[in-house]
Amino acid sequence: MVVRRPPGRRAQILAVAADRFHRSGYHQVSMTEVAAGVGITAPALYRHFRGKPELLDRAVRLGLDALADGLRTARTTAELGAALAAVAVGHRPLGTLVQRDARLLPPARRAELRRELRTDVALMTAVLRAERPELARADAELLCWSALSGCAGLSYLSVAPQPRRAEALLRELVAAVLAVSLDGTAAGPEAAPVPQRPQARREELLAAAVRLFHQRGFDNVSTDQLGAAVGISGPSVYRHFDSKADLLAASLVRSRERLWHQVDGAIATAAGPRAALAAGLGAYVDFALRNGDYLGAMLSETERLAPPDRRIAVDFRRDFLRTWVGLLRQVRPEEDAVAARIRVHALFSLVNDGVRNRPHSARPDLGDCLRRLGRAVLGVPE
């Protein structure tokens with residue numbers, strides 16, 4: 001007897017896998033859990049996919065294929081916004097899968113993914129420059145990458161918003177980003193040389209851990225690599241931290257402390273909500289420019305923490321978001337909490353991507369560009 005598989009079973013599996021990876025993080029999800037979500041056994045799942053890496057790869061590809069299909073038919077910036085918004089809402093996990101989990105794919109697949117995104121941005125750039133011929137190609141590309149990143153921010157909302165409403169707001173955000181003028185942007189001040197004082201070995205390890213965990217992922221970094229980064233042997237790491245997990249937790253605590261100190265300090269000393277929002281935006285951009293690894297590790301490695309540490313990290317993330325949402329609603333009282341959260345997540349995603357997205361991350365005026373783009377997605381132009 002021939003047992004026929006239900007139609008669309010592979011698509012169903014990919015949808016469940018993408019949702020599980022998005023919510024819990026790639027390493028926290030098992031094939032058994034995905035199979036249970038589909039209502040099949042793990043052996044049956046392996047008849048469709050060889051393992052979790054293939055599931056992640058196919059889930060990312062599914063979303064990117066939908067994005068490419070939508071952009072190919074776009075002839076105006078309004079149609080670009082509609083395509084980006086439709087994919088952001090219809091494939092909501094895609095943002096976290098690309099920004100957080102795709103770095104765990106094999107190098108060849110990561111390179112292919114990057115090429116696909118560059119092709120998408122090239123399509124967007126051609127449409128944008130047709131409407132704004134005064135834009136230099138590099139400026140148009142930065143605006144298009146920023147629109148893409150801003151829409152990806154929807155992936156980080158804890159609760160899915162009403163689809164039509166979310167699409168309408170994202171179309172508005174894309175239009176605002178693509179209309180930003182980068183004329184007269186100013187290069188940031190050159191960083192003053194920092195006296196090279198010997199650091200305590202523990203501090204060196206914290207800095208190295210943040211960098212390596214962000215670049216390679218917690219599970220792909222050994223204690224030997226951590227030790228080598230600061231000139232000691234792998235076993236010597238345990239003189240300073242009880243375990244690699246303890247080192248991860250301590251490095252993320254340090255990241256949160258630095259972020260909060262810089263941003264909250266700027267907000268607290270400003271006169272009035274509008275000035276506070278502008279000061280917070282400037283501080284966040286400045287922090288991101290100087291501490292991209294900290295933000296990257298906070299985004300990508302929080303799910304690898306032990307449950308008590310993870311709860312603390314998640315509580316910080318919620319409090320940080322709540323501060324921004326409350327401040328934005330004071331400045332834009334016509335917006336409710338859902339719209340404000342979409343805008344704030346778009347800001348974080350745009351800035352976090354912007355400081356890591358080569359070659360634009362090397363622009364001397366990047367800080368000024370990101371501040372202008374941040375004001376556009378927050379809806380508070382100068």
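Remarks
- Ranking V377, A339, V351 by Cα position along the charge dipole of region 336-382, where only Lys, Arg, Asp and Glu carry charges on their C-beta atoms, puts V351 farthest toward the positive end.
- Its Cα centre serving as origin, the chain has a Cβ charge dipole (Lys and Arg +1, Asp and Glu -1) of approximately 980 debye.
- Full extension of the chain between I312 and A122 yields a length gain of 64.3 nm, computed as 0.36 nm times the residue separation minus the alpha carbon distance.
- Simple point charges give the picture: +1 on the Cβ of Lys and Arg, -1 on the Cβ of Asp and Glu, and for region 203-355 a dipole about the Cα centre of about 300 debye.
- Per residue, in Å², the accessible surface of the chain once ligands and nucleic acids are set aside, probe 1.4 Å: 48 Å²
- Distance between the C-alpha centres of region 101-170 and region 209-264: 31 Å, rounded to the whole angstrom.
- Carbon and sulfur %, accessible surface of the chain computed with the full protein complex present, 1.4 Å: 53 percent
- Positive end of the dipole of region 46-87 (Cβ unit charges, origin at the Cα centre): among A82, A68, P53, the Cα lying farthest that way belongs to P53.
- Net charge dipole size for region 69-109 [Lys, Arg +1 and Asp, Glu -1 on Cβ; Debye, nearest 20]: 120 debye
- Taking max minus min of the alpha-carbon positions on each principal axis, the chain gives extents of 74, 60, 36 Å, largest first.
- Rough spin-label spacing in nm, given labels placed 7 Å along Cα→Cβ, for E334 and R23: 3.6 nm
- Positive-end extreme of charge dipole, region 66-219 - chosen from A208, A179, P93 (charges on Cβ): A208
- Mean residue ellipticity (222 nm) of the chain, computed from DSSP H runs ≥ 4 via -39,500 (n - 2.57), nearest 500: -22000 deg cm²/dmol
- Each distinct pair of alpha carbons in region 107-158 adds a 1/r term; the inverse of their mean, the Kirkwood radius, is 12.1 Å.
- When the Cα atoms of region 1-79 are aligned to their principal axes, the ranges along those axes come out at 50, 35, 17 Å in descending order.
- Cα pair distances of region 130-267 binned at 10 Å [whole percent]: 9, 23, 24, 25, 15, 3, 0
- Couplings for region 92-108, taken from phi via the Karplus curve 6.51 cos²θ - 1.76 cosθ + 1.60 with θ = phi - 60°, read 4, x, 4, x, 5, 5, 6, 7, 10, 9, 5, 5, 8, 6, x, x, 5 Hz in order; Gly and Pro are left as x.
- Cα-Cα P(r), region 230-382, percent of pairs per 10 Å interval: 10, 36, 33, 15, 5, 1
- Cα-derived Rg over Rh, computed across region 20-124 with Rh taken as Kirkwood radius: 1.02
The values are calculated or read from the model by the stated rules, or taken from the named source; none is laboratory data. These numbers were taken from a predicted model, which means no experiment stands behind them. FYI the Cβ positions are ideal-geometry reconstructions off the backbone, even for glycines, and counts take in every protein chain you see. With ligands, DNA and RNA removed, areas are computed over all heavy atoms of the protein, side chains included. Shrake-Rupley method; radii C 1.70, N 1.55, O 1.52, S 1.80 Å.
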